[in-house]
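These notes are about the structure you will find just below.
The values are calculated or read from the model by the stated rules, or taken from the named source; none is laboratory data. No experiment lies behind these values; they were computed from the predicted model shown. Note that each Cβ is placed from the backbone with ideal geometry, even for glycine, and that neighbours are counted across all protein chains shown. Just the protein is used for accessible areas: all its heavy atoms, side chains included, with ligands, DNA and RNA removed. Shrake-Rupley method; radii C 1.70, N 1.55, O 1.52, S 1.80 Å.
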Amino acid sequence: MDLNNVLVQLETSNEEETQKLLQQYNRENSHTFAFEPKEESLRSKLCQSVLTVLGRRAQPSCQKTCLETLRILSRDKRVLAPVATREGMLILGGMARLHAGEEGSDKHRSPQEDSPSEEEEEEEERVVVEALKCLCNVVYNSPAAQQVSVDVQLVNGLCASLRRARTWHHEVGLFTLRLLFLLSALRPDVRGVLGKEWQAVRLLSEVLEHTLDVHWVGPYEAARPDPQALPMPAEDNERTMEALKASFNLTLSYNGGEDDDHQFRLIAAILRHLLMLKTEKEEKTEEAHSHAVNLLNNLPVSCLDVLINVPVQGGQEKYGGKNMDAIQVLLDFMEERIDKQGSNFKEGLTPVLSLLTEGSRHHREIRRYIKAQVLPPLKNVKIRPEIGTTVRNKLVRLMTHVDMGVKQTAAEFLFVLCKESVDNLLKYTGYGNAAGLLVARGLLAGGRGETQYSEDEDSDTEEYKSAKPFINPITGHVEEPMPNPIEEMTEEQKEYEAQKLVNMFDKLSRQNVIRPMGVRPDGTLAPLEETLCDRSEDNSDSDSD
């Protein structure tokens, strides 16, 4: 369509003609995402014209068509100036029923409209959905619109809508939550207002309770899902994920009040319930669990005991009567992420590794359970720790990953499972795999980390005890005997090869290709000459008695 003709006709057309004209434009551009730069000014004028029509009290069908046009235009961030104004955002906010403090969606309905037909209600619902979609696009693509949203207090209307969550139709709820997520992600200053003034974290928790059909059977304990129940519907799962993403933004900064602690424990209980649920598709279940893990990482680590304190449902006597079902789900999720081909470990794996690390560091029962699954007592020590298909093998391989964040997180996880004991870590991983962590923590000389752990059992198998003297500490396994290459050499040949090796090292050192390093008494690395000086000083001190 020629935009000049569209603009000319819009100036003189009535409501019906306007609707037909824009419907044709929408059909032709419904799948357009890349626009002609030369028509930028015309599209901007079309935005203004559509807003003018929306400013009048048009019929819902015409409003819906206008909003569809505006949604298509809002894909182009360069033409949003007419919309990113106070007037434009108030028009869209009104059509989305985001009136601050309004408790009912039909508060301003006239007496003649008290009992709309079902068809009219559906039409009005489509208007609300289209308005919310427009707001999501405009807020995402326009910093100016983000600022105007703050100025007109759009979040007040969003929070008022959250209070009506039980009456939402699916798409209204979905795009309301998405708009809340976008505003809280793009405007950090809005998070504090949402959390303190509008209690948005509590409201989102109530949305999750309702969507996930949570029934409480005890303090911070939801009833176990019925094993025969149908999987969570796709629509409920979509709204749940949007609520989790918005909650993640709002819990990024923890203030530590008593009310916050109660709210965070409530969230942890809801997330435990979510971890026990299945959706219609396996990939959607994994996605929901991923968002749950991200949110759990934001909660104070003291609240993670809610994941295992479920007395009504019972626990395992071996782990202090704690229920480890949720922890097992997290372990399974971790292993799935490790096995996922072509996945981004930094985004997909490190959050669950960090969560399990902190849970193990601060909760003894969680650590004991995870260690039993990940680092069972060693029996076969003839295979290198990084070779094999067990969870331990997979995690040890990650200790030498090219991504520094993944490498450090995996090493820290295993270190905590070993109660931050260097000797225990080396037993399960070998010195070569653990060297990166030991250098970073200044523990090359051995010892323990700073965290205090209980003195529970850590027994070795008979197989490990008998093989221990023959284990290569660098590789962490018993190696097959290798032929001695210098066994048949004469003393002169040995001396020649040794001198040759010294010369090669000297040359590499002088060219700064390598730098010989040593270990200080405190376990940190330093240039070799410094460590030799330190040792000579120590020896001289001990001799001068």
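Dividing the alpha-carbon radius of gyration of the stretch 350-397 by 2.2 N^0.38 Å (N being the number of residues), what value is obtained?
The stretch 350-397 yields a ratio of 1.26.
To the nearest 0.05, what FRET efficiency results for Asp189 and Asn5 with a Förster distance of 60 Å applied to their C-beta separation?
For R0 = 60 Å, the calculated efficiency reads 0.85.
Would you mind working out the magnitude of the charge dipole of the stretch 292-435 relative to its Cα centre, with +1 at each Lys and Arg C-beta and -1 at each Asp and Glu C-beta, to the nearest 20 Debye?
520 debye
Two decimals is fine: what's Rg over Rh for the stretch 107-256, C-alpha atoms, Kirkwood radius as Rh?
1.01
Note the angle between two axes, namely the Cα long axis of helix 491-510 and the longest principal axis of the Cα atoms of the chain, as a number of degrees from 0 to 90, rounded to the nearest 10.
Value to nearest ten degrees: 30.
Can you pull out the trypsin sites (Lys or Arg not before Pro) in the stretch 316-352 that DSSP calls coil and that have at most 15 other Cβ atoms within 10 Å?
Passing both the DSSP loop test and the Cβ count: Lys340.
Quick check: from the Cα gyration tensor, does the stretch 231-321 come out rounded (a/c under 1.5), prolate or oblate?
It comes out oblate by the Cα gyration axes.
Would you pull out the residues with amide H under 5 Å of Asn472's amide H, same chain only if 5 or more places away, H placed 1.01 Å from N?
Here His477, Val478, Glu479 satisfy the definition.
Evaluate the distance, in nm, between pseudo-label points positioned 7 Å from the Cα of Met482 and of Lys77 along their respective Cα→Cβ axes.
About 5.6 nm separates the two model spin labels.
Please identify every one of the trypsin sites (Lys or Arg not before Pro) in the stretch 376-413 that sits in a loop by DSSP and has no more than 14 other beta carbons within 10 Å of its own beta carbon.
The qualifying sites are Lys379, Lys382.
Across every pair of different alpha-carbon atoms, what Kirkwood hydrodynamic radius in Å does the stretch 170-263 reach?
14.4 Å
Please report, in debye to the nearest 20, how large the charge dipole of the chain is about its Cα centre when each Lys and Arg carries +1 at its beta carbon and each Asp and Glu carries -1 there.
Using Cβ point charges on Lys, Arg, Asp and Glu, the chain gives about 660 debye.
Can you find, among Val502, Val478, Thr490, the residue farthest towards the positive end of the dipole of the chain? Put +1 on the C-beta of Lys and Arg, -1 on that of Asp and Glu.
Projecting each Cα onto the dipole axis, the largest value belongs to Val502.
Report the equivalent ellipsoid semi-axes for the stretch 338-436 in whole Å, largest first, defined as the square roots of five times the eigenvalues of the gyration tensor built from alpha carbon atoms.
Equivalent ellipsoid of the stretch 338-436: 19, 17, 13 Å, largest first.
Using the beta-carbon distance between Glu197 and Glu462 and R0 = 45 Å, what value does 1/(1 + (r/R0)^6) give for FRET efficiency, to the nearest 0.05?
The formula returns an efficiency of 0.10 here.
Subtracting the Cα-Cα distance from 0.36 nm times the residue separation, let me have the gained length for Asp522 to Thr85 in nm, one decimal.
Gain in length upon complete extension: 151.1 nm.
Keeping every protein chain present and rolling a 1.4 Å probe, give me the accessible area per residue for the chain in Å².
So the chain comes to 53 Å² accessible per residue, rounded to a whole number.
Would you kindly state how much longer the chain becomes between Glu450 and Asn344 on full extension, computed as 0.36 nm times their sequence separation minus their alpha carbon distance, in nm to one decimal?
The Glu450-Asn344 span can extend by a further 35.1 nm.
Report Rg/Rh for the stretch 388-529, rounded to two decimals, where Rg is the Cα radius of gyration and Rh the Kirkwood radius.
Result: Rg/Rh = 1.05.
May I ask you to work out the translational diffusion coefficient for the chain at 20 °C, viscosity 1.002 mPa s, via Stokes-Einstein with Rh from the Kirkwood sum over Cα pairs, reported in whole µm²/s?
Translational D for this selection: 76 µm²/s.
Using just the helices of the chain, give the 222 nm mean residue ellipticity in deg cm²/dmol: DSSP H runs with n ≥ 4 each add -39,500 (n - 2.57), and the total is spread over all residues, rounded to 500.
-19000 deg cm²/dmol
Work out the length of the dipole vector of the stretch 424-536 about its Cα centre, built from +1 on the beta-carbon of each Lys and Arg and -1 on the beta-carbon of each Asp and Glu, and round it to the nearest 20 debye.
620 debye
Which percent of Cα pairs goes in each bin when the distances of the stretch 324-371 are cut into 5 angstrom slices starting at zero?
Values per bin, smallest distances first: 5, 22, 30, 23, 13, 6, 1.
With θ taken as phi - 60° and the coefficients 6.51, -1.76 and 1.60, list the Karplus ³J(HN,Hα) couplings across the stretch 42-52 in order, rounded to whole Hz; mark glycine and proline as x.
Calculated HN-Hα couplings, in order: 5, 5, 5, 5, 5, 4, 5, 5, 5, 4, 4 Hz.
Remind me, what semi-axes does the stretch 443-506 give for its equivalent ellipsoid, largest first in whole Å, using sqrt of 5 times each Cα gyration tensor eigenvalue?
39, 21, 7
How much length is gained on full extension from Gln153 to Leu42, taking 0.36 nm per residue of separation minus their Cα-Cα distance?
Extra length from Gln153 to Leu42 when fully extended: 36.9 nm.
Would you mind getting me the FRET efficiency between Glu491 and Ile383? Use the beta-carbon distance for r and R0 = 41 Å, nearest 0.05.
Efficiency for this residue pair is about 0.60.
What residue among Leu21, Gln146, Ala165 has its Cα farthest toward the positive end of the dipole of the chain, where the charges are +1 on Lys, Arg and -1 on Asp, Glu, each on the Cβ?
It is Leu21.
If you keep only loop residues by DSSP, which GluC sites (Glu not before Pro) in the stretch 123-204 have at most 14 other Cβ atoms within 10 Å of their Cβ?
Passing both the DSSP loop test and the Cβ count: Glu197.
If one computes the Cα centroid of the stretch 13-62 and of the stretch 411-436, what distance in Å separates the two points?
Here the answer is 63 Å between Cα centres.
Per the 1.4 Å probe, what fraction of the accessible area of the stretch 1-71, in percent, lies on carbon and sulfur atoms?
On the stretch 1-71, the fraction of accessible area on carbon and sulfur atoms equals 44 percent.
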